[in-house]
Amino acid sequence: MLNDSNLKFSTSRSLEITQQYFNFLDQHIEDVVNGNVAEFLEINEIASRLAISHTHLTDTVQKEMGHHPCHFYDSKIIEIAKKC
């Protein structure tokens with residue numbers, strides 16, 4: 001049974017995962033743009049780098065942000081492409 005303490009941990013962990021995803025995404029896209037990395041990673045590869053499952057990453061970001069992680073990934077790439 002979830003109590004207030006477990007719920008707070010669950011919520012804070014969800015926010016932590018979401019923030020880690022966005023931090024990783026920003027750095028990864030910058031690395032690709034700067035030529036430090038040859039190609040964009042897939043979401044399952046990003047999840048692996050964050051040491052969580054693809055499903056957990058997807059479910060968590062979807063719950064916290066209202067969109068699939070790919071939505072934000074694509075949006076950030078498009079935003080950078082428009083600046084170039």
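Brief remarks follow.
- Of all residues in region 35-84, those satisfying the criterion of being assigned to a loop (DSSP other than H, G, I, E, B), of a type in the set (A, V, I, L, M, F, W, C) and at negative phi are Val37, Ala38, Phe40, Leu41, Leu50, Ile52, Cys84.
- Every condition in (1) closer than 13 Å to Thr18 by Cβ; (2) out of contact with any Ser or Thr (no Cβ under 6 Å at 6 or more places or on another chain) holds for Cys70 except the one numbered (1).
- Residue in region 60-67 that is under 14 Å from Phe22 (Cα atoms) and among the hydroxyl-bearing types (Ser, Thr, Tyr) present: yes
- Verdict on Ala81 being more than 16 Å from Leu15 (Cβ to Cβ) and surrounded by 15 or more Cβ atoms within 10 Å (Cβ to Cβ): no
- Count - residues of region 41-66 that are within 19 Å of Ala81 (Cβ to Cβ) and loosely packed, with under 14 Cβ neighbours inside 10 Å: 1
- Test: residue in region 7-16 that is at pLDDT 95 or above, surrounded by 11 or more Cβ atoms within 10 Å (Cβ to Cβ) and of a type in the set (Lys, Arg): no
The values are calculated or read from the model by the stated rules, or taken from the named source; none is laboratory data. If you're wondering where the values come from, they're calculated on a predicted model, not measured in any experiment. Cβ: placed from backbone, ideal geometry, glycine included. Neighbour counts: every protein chain shown.
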